[in-house]
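One structure is given below, encoded as structure tokens.
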Amino acid sequence: MVVDPFPVLDTIHGEDETANAVRRLCHGKAPGPTRLRTDQLKDWLQAARREEDPDSTHWNTLAELVQHAFETGNLPEELVRSTMMLLPKGGGQFRGIGLLESAWKVTSSVMNQRLSAIELHDALHGFRAGRGTGATVIGVKLLQQWARLKQVPLYGICLNLRKACGTLDQDRALDILEGYGVGPWAL
């Protein structure tokens, strides 16, 4: 893929990125399999910054774990596991959600922050801050109203991309990201 590269941070991961990712975590979220809560990670960070914990063992371990993930491209198996919870939808049906490990949330937050430098097409709304499906629905309704006022035909195509991520060619996706300027240390 030929595009002008974007300024994606492509250096070895630093502790400051881990600290910023921990600060961005939401409070009160359900923990993953190890029962480690995001609030605990925030407490470790604050204690290490205030030097209340002289050796900062917990914070240093977390920072080293995230650093290891970026250096080697591998995570310990315990971090990629999730706890499956079933939530009732009504009518006797359930929806499953996976509770992810907090350390994995930190690692993925660093990756997301690095990839945010890539400018995506305006039509893409998924996984982008401030661009949910609501904005897309409003945009489509406005377009329909405009076409009706101007009395011009409007054609729409609906694609059901449910479970599409499971069929994604990961090697091709990495090639595309490389075309955008994403190097080995960004992911």
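The values are calculated or read from the model by the stated rules, or taken from the named source; none is laboratory data. Bear in mind that the values here come from a model prediction, so they are computed numbers and not experimental data. Note: ideal-geometry Cβ built from the backbone for every residue, glycine included; neighbour counts use all protein chains shown.
Assorted remarks:
- A single entry from T61, T38, T72, T83 fulfils the requirement of being more than 22 Å from M111 (Cα to Cα) and among the β-branched types (V, I, T): T83.
- Yes/no for S56 being farther than 19 Å from E15 by Cβ and among the hydroxyl-bearing types (S, T, Y): no
- Subset of the range 15-38 [in a loop (DSSP other than H, G, I, E, B) and either of a type in the set (D, E, K, R) or at pLDDT below 75 (or both)]: K29, R35, R37
- Filter pass, S108 being of a type outside the set (F, W, Y), surrounded by fewer than 14 Cβ atoms within 10 Å (Cβ to Cβ), closer than 23 Å to M84 by Cβ and at pLDDT 80 or above: yes
- Any hit, the range 92-106, residues being assigned to a loop (DSSP other than H, G, I, E, B), closer than 27 Å to R131 by Cα and among the charged types (D, E, K, R): yes
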